[in-house]
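Let me begin by presenting the structure, written as structure tokens, before commenting on it.
Every read-out reported here was derived from the displayed coordinates using simple, explicitly stated rules and does not represent laboratory data. Remember, predicted model here, so these are calculated numbers, not experimental data. Glycine gets a Cβ as well: all are built from the backbone with ideal geometry, and neighbour counts include every protein chain shown.
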Amino acid sequence: MRVRVRLFARYREAVGREQLDVELPEGGTVESAWAAVVARHPDLAKFRPFTLFAVGHEYVTPEHPLRPDDELCLFPPVSGGRDHDVYRVVEAPLSPDAAAAAVDDPGAGGVVVFSGVVRNETAGRPVKSLEYEAHVPMAEAKLREIGAALHTRWPGVRRVAMLHRVGRLEIGEVSVLIAVAAAHRAEAFEACRYAIDTLKASVPVWKKEHFEDGEVWVGLQGG
């Protein structure tokens, strides 16, 4: 079946077109349409954790089934302050550049991005990979609570993005991203530090460390 995909803002500029048609099997979903678009335009892949989807005039989930001749809209992060902060737990790879773009705000004088990266050892013990698991609805609610606290504690904070990845991650991959845009650099640094420290202490995400000679769960996150 054929589905029309409309592109907005930076997505339109990246692709060089306002819309394109993709062919999907019957029963195809929003996620499969996104995959078809990214197959043609790989540069969009890094924006997956920040992308909003709509069919008609309603937002939909990636699992939403599409019908022939549906029009699917791909929205990058929208402007407009804290109402459009980003708080998500995702399986897709995370991009620091995309996180910085997600908090872009004309009133910000500084943007701080923290990337938590999978390292190759723990206490001298070689690590092969990590596996993250989360209670997703509660984790995203906790991320929103932390974001609200940032806006309260540091009134100069303009935009916030907090994302945590789940699933199996290899050495060097980004597991958590926090981006804070604020009027002044001091607020951005302080708010970002508070966000990651609070996230690690309170957000229900667990990790399993895979070693050459075994594995162990660490919770909430540790390390």
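Excluding GLU58 itself, what net charge comes from residues whose Cβ is under 15 Å from its Cβ, given Lys and Arg +1 and Asp and Glu -1?
The answer is -1.
Using only Cα positions of the chain, each an equal point scatterer, no hydration layer, compute I(q)/I(0) via Debye at q = 0.16 Å⁻¹ and quote the log10 values to two decimals.
Here the Debye-derived log intensity ratios amount to -1.12.
What is segment 37-164 by shape, rounded, prolate or oblate, if you read a ≥ b ≥ c off the alpha carbon gyration tensor as root eigenvalues and call it rounded for a/c under 1.5, prolate for a/b larger than b/c, and oblate otherwise?
Oblate, because a/c is 1.5 or more while a/b does not exceed b/c.
Distance in nm between label sites at ALA39 and TRP217, each 7 Å beyond Cα in the beta-carbon direction?
3.8
To the nearest 20 debye, what charge dipole does the chain have about its Cα centre, counting +1 at the Cβ of each Lys and Arg and -1 at the Cβ of each Asp and Glu?
Dipole size: approximately 520 debye.
Expressed as a whole percent, how much of the Cα-Cα distance distribution for segment 14-57 exceeds 14 Å? Before the final figure, lay out each step's value.
On the way: 510 of 946 pairs.
So the portion of pairs separated by more than 14 Å is 54 percent.
Order 152-160, 118-126 from most to least packed using the mean count of other Cβ atoms within 10 Å. Intermediate results must be reported in sequence, preceding the final value.
On the way: 152-160: 19.6, 118-126: 11.0.
The packing order, highest mean first, is 152-160, 118-126.
Rank-order 107-114, 143-150 by packing density, defined as the average count of other C-beta atoms within 10 Å over each peptide's residues, highest first. Don't skip to the answer; put the middle values down first.
Working: 107-114: 17.2, 143-150: 19.0.
Answer by packing, highest mean first, reads 143-150, 107-114.
May I ask you to order 169-181, 29-41, 6-18 by the average number of other C-beta atoms within 10 Å around their residues, highest value first?
Output ranking for 169-181, 29-41, 6-18: 169-181, 29-41, 6-18.
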